[in-house]
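Read through the structure below, which is laid out as structure tokens, and then see the notes.
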Amino acid sequence: MKASSVTDRGSANNTVTLESNETTAKKQYLENALKVAQFGRFHIHLTVICGLIMGNTYLELAGMAYVLAVSQCEMNWTLSQRGILGSIGFIGLMASCHLCGFLADTTGRKRIIIGGLLSGFMCTILSSFSNSFEVLLILRLCNGICISGALATIYAYFGEFFTSKNRDRAMLRVSIVYGGAALLVPILAALIINLNMNFHIPVINIQYKSWRLFMVACGLPGFICGLIFLSFPESPKYLLSTDKQEETLNALRMIYCINTGKDASTFPVLEILKDPDTTMAPKIVFHKTQSLRSIAKFMWIQTVPVFSKEYIRATVIASLLIFVVHSSGVGLYMWFPEILNKVMRQLNESPNIDATICGIYNSDGGNNTLHTTLECKDTLEWSTYKYSILLKVISLAAYTMYAVLISYIPKGVFLCIIFTICGLAGIGAAFVKIPLLAIYFYLALLSCGTALKFVTAIVSEQYPTKLRAMAFSIIICIIGNIGAIFGSNFIGLLLKNHCDMVFYLSGATAIIVGFTVFLLPKPKFNSSTNKE
């Protein structure tokens, strides 16, 4: 009898345990629910589309470097105008990324991303019909504002579909896709710009040439991505933060169905529990007169701590680093196709020429001893495309190499090495009188842009989670774009009469700023610490 009694009690206990486990399985925190949904085809598709969306921003902005190089014959831009047009997209990004990031937190990620991509493409189409500097300037500013919505939001959206264990590796994979997408800029330029297409549109009195079609081609991937993105779910983390329980479950069921091939109705989780990281997003009521004031006040409250005594040193040094990365890696790149094309054309005419790249660039006069006049063309030398593609291949290889070596070499040391090498190459590009060698030095200087990965990693280690997004917004979006704007315009002012100074200053600044990384405080919030 006693044995029977014990058995009965044991069965009862087992029943309770099983019921408890079943209840736990049906109610999960989002992190666990993502594990149940598994990793698979959905995440692969997501990585590709998000990488292409990130790459679309680069296509839209960097594509202007080729447009400015070949539209000169038709539009007769001044150096100052070219500098402004090369940087106006970055001004649009800088002006709106802070607000777009905030709107994505309050109105939804997907809506901002799709709206930014589709409206940005419309601005690009209109840009291709521009008949004056002022019209193109306004349209490219609008394009920068629009694509800012996608850029400011896509990183957060992408990361919220992965568990904390897989998120870092996922970010690396999407960076590689982004690097591959950047290759499209010189490839599209090579395929389209030299087509010699030319037909007159009398209504607006323009010649629709190949460079105008190239602008549309640079925006087309964003339009396609925007349409494809309609089939993707809203971020489950955002949905949960706004108390949309059923929509959150529907998003997770979709992921589960695509990854496992099973019916969505078999997804075992029936309720998602909220953790401290999915607190309610702030509600903004836009019809009230104080809405804009409320937004500004909220953004100010979030911004001030980044410049507090505790973080000011990290903020200043990281800002210096990112400023140099963008002013050299982005600002100088805006002039790369034009300078490279002129050098290659001169080498085709005089293969044994003994001159610096600045001497060749200013060969139509100025303070240089080399005086030759090259006919104005609205096409580029094929070797210009070759070296442009080579630059992107180097960048892609560098990203891959960094991913391997970053585990063995401290990020600060690696960053200093990158800045020093790029800086020395920049100085070398100014005085070497072997044009091809100088071009390789120029390529090495532009590779300074690959240091962005290390700067972002350093930023993430210096700030807690609650400040990290704001720190990224200020340092990467605002300071970085100021660097790109400064680089593009400052270089435009110097190229004509002080071309050598462009390379000397860029190189010396990179070397000096590279060593400031050792002044950073020790990492406070890396993955191995629990201070957050």
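Test of understanding: among PHE486, PHE503, PHE515, which residue is open to solvent by 40 Å² or more (accessible area, probe 1.4 Å), of a type in the set (A, V, I, L, M, F, W, C) and modelled with pLDDT of 90 or more?
PHE515
Quick test for you: out of THR465, THR529, pick the one residue that is among the hydroxyl-bearing types (Ser, Thr, Tyr), open to solvent by 60 Å² or more (accessible area, probe 1.4 Å), at pLDDT below 85 and over 18 Å from ILE317 (Cβ atoms).
THR465
Can you go through PRO276, PRO305, PRO282 and tell me which one is over 18 Å from LEU452 (Cα atoms), touching a Leu at 6+ places or on another chain (Cβ under 6 Å), at pLDDT below 85 and not hydroxyl-bearing (Ser, Thr, Tyr)?
Only one candidate qualifies: PRO305.
Say whether the condition of being within 19 Å of GLY63 (Cβ to Cβ) and assigned to a helix (DSSP H, G or I) is met by at least one residue in the range 165-178.
Yes, some residue in the range 165-178 is within 19 Å of GLY63 (Cβ to Cβ) and assigned to a helix (DSSP H, G or I).
Applying the selection to the range 388-428, what residues are in a loop (DSSP other than H, G, I, E, B) and of a type in the set (Val, Ile, Thr)?
ILE406, ILE409
Tally the residues that are in a strand (DSSP E or B) and either under 30 Å from ILE255 (Cβ atoms) or under 24 Å from the mean Cα position of the chain (by Cα) (or both), restricting the search to the range 195-237.
0
Residue-by-condition table, conditions (1) at pLDDT below 90; (2) of a type in the set (Gly, Ala, Ser); (3) crowded, with 17+ Cβ neighbours inside 10 Å:
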| site | (1), (2), (3) |
| --- | --- |
| TYR361 | yes, no, yes |
| ASP364 | yes, no, no |
| LYS392 | yes, no, yes |
| TYR402 | yes, no, yes |
| VAL413 | yes, no, no |
| ILE418 | yes, no, yes |
| SER447 | yes, yes, yes |
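Do you know which residues across the range 141-170 are over 27 Å from MET64 (Cβ atoms), without any contact (Cβ under 8 Å) to a residue 60 or more places away in the chain and surrounded by 17 or more Cβ atoms within 10 Å (Cβ to Cβ)?
Result: GLY159, single match.
For the range 68-86, enumerate the residues that are farther than 12 Å from LYS377 by Cα, touching a residue at least 40 places away in the same chain (Cβ under 8 Å) and not in a helix (DSSP H, G or I).
Within the range 68-86, just TRP77 meets the criteria.
Consider only pairs whose beta carbons are under 6 Å apart and that are at least six residues apart or on different chains; among these, list those whose first residue lies in the range 178-192 and is open to solvent by 30 Å² or more (accessible area, probe 1.4 Å) and whose second residue is basic (Lys, Arg).
Here the result reads LEU183/LYS392, each pair linking the range 178-192 to a residue that is basic (Lys, Arg).
Scanning the range 127-140 for residues that are farther than 18 Å from PRO221 by Cα and small (Gly, Ala, Ser), which turns out most open to solvent (accessible area, probe 1.4 Å)?
Once the filter is applied, the top-ranked residue is SER132.
Just to be sure before I move on: is THR266 open to solvent by less than 40 Å² (accessible area, probe 1.4 Å), closer than 30 Å to GLU31 by Cα and modelled with pLDDT of 70 or more in the structure I sent?
No: the conditions fail for THR266.
Can you tell which of THR124, THR107 is within 23 Å of the chain's Cα centre (by Cα), of a type outside the set (Phe, Trp, Tyr), more than 16 Å from LEU52 (Cα to Cα) and surrounded by fewer than 18 Cβ atoms within 10 Å (Cβ to Cβ)?
Exactly one residue qualifies, and that residue is THR107.
What number of residues in the range 131-162 are out of contact with any Pro (no Cβ under 9 Å at 6 or more places or on another chain) and either among the hydroxyl-bearing types (Ser, Thr, Tyr) or in a loop (DSSP other than H, G, I, E, B) (or both)?
7
The values are calculated or read from the model by the stated rules, or taken from the named source; none is laboratory data. A quick note: this is a predicted structure, and the numbers were derived from the prediction, not measured. For neighbour counting, all protein chains shown are included, and Cβ atoms are generated from backbone atoms with ideal geometry for every residue, glycine included. SASA here: full protein model, heavy atoms, side chains in, ligands and nucleic acids out. Shrake-Rupley method; radii C 1.70, N 1.55, O 1.52, S 1.80 Å.
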